[in-house]
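Okay, so here's the structure we're looking at.
The values are calculated or read from the model by the stated rules, or taken from the named source; none is laboratory data. Please read all numbers here as calculations on a predicted model, not as lab measurements. Backbone-built Cβ (ideal geometry, glycine too); neighbour counts: all protein chains shown.
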Amino acid sequence: MRFYYAHRFPEAGVRGSFRTLEHSTKEIMKLDTLKKLYVEELRDIYNAENQLIKALPKMAKGASSAELKQAFEDHLEQTKEHVERLDEIFGRLGEKPNGKTCKAMKGLIEEGSEMLEEDGEESVIDAGLIGAAQRVEHYEIAAYGTVRTFANLLGEEEAADLLQQTLDEEGETDKHLSELAEEVVNQEALAGDEEEEEATTTSSRRR
Ligand code: FE
Ligand code: FE
(Lines give C-alpha, C1' and ligand atoms only; values in the text may rest on other atoms or scores of the structure.)
(Ligands and ions follow the chains in the order given, each with its own letter.)
Protein backbone atom coordinates (compact mmCIF):
# COMPACT_ATOMS: atom_id res chain seq x y z
CA MET A 1 0.00 0.00 0.00
CA ARG A 2 2.83 2.36 0.85
CA PHE A 3 4.52 1.57 -2.48
CA TYR A 4 1.32 2.39 -4.26
CA TYR A 5 1.11 5.79 -2.62
CA ALA A 6 4.82 6.38 -3.08
CA HIS A 7 4.37 5.74 -6.74
CA ARG A 8 1.33 7.96 -7.07
CA PHE A 9 2.48 10.71 -4.71
CA PRO A 10 6.26 10.37 -4.34
CA GLU A 11 6.57 13.41 -2.06
CA ALA A 12 3.55 13.67 0.19
CA GLY A 13 2.73 9.97 0.38
CA VAL A 14 6.02 8.73 1.76
CA ARG A 15 6.60 11.61 4.11
CA GLY A 16 3.04 11.46 5.30
CA SER A 17 3.17 7.78 6.14
CA PHE A 18 6.52 8.16 7.92
CA ARG A 19 5.18 10.94 10.02
CA THR A 20 2.22 8.80 11.02
CA LEU A 21 4.48 5.88 11.86
CA GLU A 22 6.73 8.05 14.02
CA HIS A 23 3.72 9.50 15.77
CA SER A 24 2.10 6.16 16.56
CA THR A 25 5.41 4.64 17.74
CA LYS A 26 5.75 7.50 20.20
CA GLU A 27 2.23 6.93 21.51
CA ILE A 28 2.79 3.19 21.95
CA MET A 29 6.18 3.70 23.60
CA LYS A 30 4.50 5.19 26.64
CA LEU A 31 2.78 1.88 27.35
CA ASP A 32 5.56 -0.47 26.30
CA THR A 33 5.13 -2.94 29.15
CA LEU A 34 2.19 -4.76 30.65
CA LYS A 35 3.30 -3.41 34.01
CA LYS A 36 2.82 0.16 32.81
CA LEU A 37 -0.61 -0.65 31.44
CA TYR A 38 -1.45 -2.35 34.74
CA VAL A 39 -0.53 0.78 36.72
CA GLU A 40 -2.44 3.04 34.30
CA GLU A 41 -5.56 0.90 34.56
CA LEU A 42 -5.26 0.84 38.35
CA ARG A 43 -5.15 4.65 38.29
CA ASP A 44 -8.27 4.69 36.16
CA ILE A 45 -10.15 2.50 38.63
CA TYR A 46 -8.79 4.50 41.56
CA ASN A 47 -10.31 7.61 40.06
CA ALA A 48 -13.55 5.78 39.20
CA GLU A 49 -13.94 4.56 42.81
CA ASN A 50 -13.34 8.05 44.17
CA GLN A 51 -15.97 9.48 41.84
CA LEU A 52 -18.36 6.85 43.22
CA ILE A 53 -17.63 7.84 46.81
CA LYS A 54 -19.04 11.26 45.92
CA ALA A 55 -21.97 9.92 43.88
CA LEU A 56 -23.30 7.13 46.12
CA PRO A 57 -24.56 9.37 48.96
CA LYS A 58 -26.58 11.33 46.38
CA MET A 59 -28.03 8.11 45.01
CA ALA A 60 -28.91 6.96 48.53
CA LYS A 61 -30.60 10.30 49.17
CA GLY A 62 -32.52 10.07 45.91
CA ALA A 63 -33.75 6.52 46.48
CA SER A 64 -37.23 6.12 47.98
CA SER A 65 -37.15 2.43 48.88
CA ALA A 66 -35.55 1.92 52.29
CA GLU A 67 -33.86 -1.23 51.03
CA LEU A 68 -32.37 0.54 48.04
CA LYS A 69 -31.14 3.40 50.23
CA GLN A 70 -29.49 0.83 52.48
CA ALA A 71 -27.94 -0.93 49.48
CA PHE A 72 -26.34 2.32 48.31
CA GLU A 73 -25.13 3.16 51.80
CA ASP A 74 -23.63 -0.30 52.25
CA HIS A 75 -21.92 -0.09 48.90
CA LEU A 76 -20.49 3.30 49.83
CA GLU A 77 -18.72 1.67 52.78
CA GLN A 78 -17.48 -1.13 50.53
CA THR A 79 -16.29 1.38 47.96
CA LYS A 80 -14.17 3.11 50.61
CA GLU A 81 -12.54 -0.26 51.27
CA HIS A 82 -11.98 -0.71 47.54
CA VAL A 83 -10.02 2.55 47.55
CA GLU A 84 -8.03 1.37 50.58
CA ARG A 85 -7.12 -1.85 48.77
CA LEU A 86 -5.97 0.13 45.77
CA ASP A 87 -3.93 2.43 48.06
CA GLU A 88 -2.24 -0.65 49.43
CA ILE A 89 -1.44 -1.93 45.94
CA PHE A 90 -0.04 1.45 44.88
CA GLY A 91 2.02 1.59 48.06
CA ARG A 92 3.58 -1.78 47.29
CA LEU A 93 4.26 -0.76 43.71
CA GLY A 94 5.80 2.51 44.87
CA GLU A 95 3.54 4.37 42.44
CA LYS A 96 1.20 7.32 42.87
CA PRO A 97 -2.52 6.54 42.50
CA ASN A 98 -3.53 9.90 41.07
CA GLY A 99 -3.31 11.42 37.64
CA LYS A 100 -6.14 9.87 35.68
CA THR A 101 -9.77 10.68 35.14
CA CYS A 102 -12.06 7.78 34.39
CA LYS A 103 -14.24 9.27 31.66
CA ALA A 104 -16.43 6.20 31.51
CA MET A 105 -17.38 6.51 35.19
CA LYS A 106 -17.97 10.22 34.72
CA GLY A 107 -20.47 9.42 31.99
CA LEU A 108 -22.15 6.66 33.95
CA ILE A 109 -22.55 8.93 36.98
CA GLU A 110 -23.88 11.72 34.78
CA GLU A 111 -26.57 9.41 33.47
CA GLY A 112 -27.41 8.36 37.01
CA SER A 113 -27.71 12.01 38.04
CA GLU A 114 -30.22 12.61 35.25
CA MET A 115 -32.39 10.03 36.97
CA LEU A 116 -32.10 11.96 40.25
CA GLU A 117 -33.36 15.11 38.55
CA GLU A 118 -36.39 13.36 37.10
CA ASP A 119 -39.74 14.09 38.62
CA GLY A 120 -42.03 11.08 38.80
CA GLU A 121 -43.29 7.99 40.51
CA GLU A 122 -40.92 7.00 43.34
CA SER A 123 -40.72 3.33 42.45
CA VAL A 124 -40.11 4.14 38.78
CA ILE A 125 -37.24 6.47 39.70
CA ASP A 126 -35.88 3.74 41.99
CA ALA A 127 -35.99 1.25 39.10
CA GLY A 128 -34.02 3.75 37.02
CA LEU A 129 -31.48 4.27 39.81
CA ILE A 130 -30.93 0.53 40.04
CA GLY A 131 -30.33 0.40 36.30
CA ALA A 132 -27.76 3.19 36.57
CA ALA A 133 -26.05 1.55 39.55
CA GLN A 134 -25.87 -1.80 37.77
CA ARG A 135 -24.21 -0.19 34.76
CA VAL A 136 -21.59 1.12 37.18
CA GLU A 137 -21.10 -2.31 38.75
CA HIS A 138 -20.72 -3.99 35.38
CA TYR A 139 -18.12 -1.44 34.37
CA GLU A 140 -16.21 -2.09 37.60
CA ILE A 141 -16.49 -5.85 37.18
CA ALA A 142 -14.91 -5.57 33.72
CA ALA A 143 -12.18 -3.23 34.97
CA TYR A 144 -11.29 -5.30 38.05
CA GLY A 145 -11.34 -8.51 36.03
CA THR A 146 -8.75 -7.01 33.72
CA VAL A 147 -6.37 -5.72 36.40
CA ARG A 148 -6.72 -8.90 38.45
CA THR A 149 -5.64 -10.89 35.38
CA PHE A 150 -2.73 -8.50 34.77
CA ALA A 151 -1.67 -8.85 38.42
CA ASN A 152 -1.65 -12.63 38.05
CA LEU A 153 0.37 -12.47 34.84
CA LEU A 154 2.87 -10.14 36.48
CA GLY A 155 3.25 -12.41 39.49
CA GLU A 156 1.71 -9.80 41.82
CA GLU A 157 -0.11 -12.38 43.88
CA GLU A 158 -1.11 -10.26 46.85
CA ALA A 159 -2.44 -7.55 44.57
CA ALA A 160 -4.34 -10.18 42.58
CA ASP A 161 -5.95 -11.40 45.82
CA LEU A 162 -6.96 -7.88 46.86
CA LEU A 163 -8.38 -7.15 43.41
CA GLN A 164 -10.27 -10.44 43.44
CA GLN A 165 -11.86 -9.52 46.79
CA THR A 166 -13.12 -6.26 45.33
CA LEU A 167 -14.25 -8.02 42.16
CA ASP A 168 -16.29 -10.44 44.27
CA GLU A 169 -17.91 -7.59 46.18
CA GLU A 170 -18.83 -5.76 42.98
CA GLY A 171 -20.42 -8.99 41.74
CA GLU A 172 -22.36 -9.42 44.98
CA THR A 173 -23.59 -5.84 44.80
CA ASP A 174 -24.75 -6.35 41.24
CA LYS A 175 -26.61 -9.49 42.26
CA HIS A 176 -28.19 -7.77 45.24
CA LEU A 177 -29.38 -4.90 43.03
CA SER A 178 -30.93 -7.40 40.62
CA GLU A 179 -32.79 -9.02 43.51
CA LEU A 180 -34.01 -5.66 44.77
CA ALA A 181 -35.21 -4.76 41.29
CA GLU A 182 -36.94 -8.07 40.65
CA GLU A 183 -38.48 -8.58 44.07
CA VAL A 184 -39.37 -5.09 45.21
CA VAL A 185 -38.85 -2.07 43.02
CA ASN A 186 -39.96 -3.28 39.60
CA GLN A 187 -43.11 -4.83 41.10
CA GLU A 188 -44.05 -1.55 42.73
CA ALA A 189 -43.28 0.38 39.58
CA LEU A 190 -45.42 -2.01 37.56
CA ALA A 191 -48.27 -1.78 40.09
CA GLY A 192 -48.21 1.96 39.46
CA ASP A 193 -48.61 1.33 35.71
CA GLU A 194 -51.57 -0.95 36.34
CA GLU A 195 -53.28 1.62 38.58
CA GLU A 196 -52.72 4.24 35.92
CA GLU A 197 -54.16 1.98 33.26
CA GLU A 198 -57.20 1.27 35.40
CA ALA A 199 -57.77 4.97 35.97
CA THR A 200 -57.53 5.67 32.26
CA THR A 201 -60.00 2.90 31.42
CA THR A 202 -62.46 4.09 34.06
CA SER A 203 -62.30 7.71 32.95
CA SER A 204 -62.72 6.81 29.29
CA ARG A 205 -65.70 4.66 30.19
CA ARG A 206 -67.29 7.61 31.94
CA ARG A 207 -67.20 9.65 28.74
FE1 FE B 1 -15.90 -0.49 43.79
FE1 FE C 1 -19.07 -0.87 42.93
- Test: THR149 is among the hydroxyl-bearing types (Ser, Thr, Tyr) and under 16 Å from the mean Cα position of the chain (by Cα): no
- Among ILE125, ILE141, ILE130, the single one that is among the aliphatic types (A, V, I, L, M), surrounded by 15 or more Cβ atoms within 10 Å (Cβ to Cβ) and within 16 Å of ligand 1 (Cβ to nearest atom) is ILE141
- Quick one: is MET59 of a type outside the set (Lys, Arg), closer than 30 Å to GLU195 by Cβ and within 16 Å of ligand 2 (Cβ to nearest atom)? yes
- Note on region 85-98: residues within 18 Å of LEU52 (Cβ to Cβ) and either touching a Cys at 6+ places or on another chain (Cβ under 8 Å) or exposed (fewer than 13 other Cβ atoms within 10 Å of the Cβ) (or both) are ASP87, ASN98
- Message: Scan region 28-39 and tell me whether some residue there is at pLDDT 95 or above and within 16 Å of ligand 1 (Cβ to nearest atom).
- Response: no
- Item | Residues of region 62-89 that turn out to be more than 15 Å from ligand 2 (Cβ to nearest atom) and either among the charged types (D, E, K, R) or under 18 Å from the mean Cα position of the chain (by Cα) (or both), as a count | 4
- Got a number for residues in region 35-69 being buried (at least 19 other Cβ atoms within 10 Å of the Cβ) and not in a helix (DSSP H, G or I)? 2
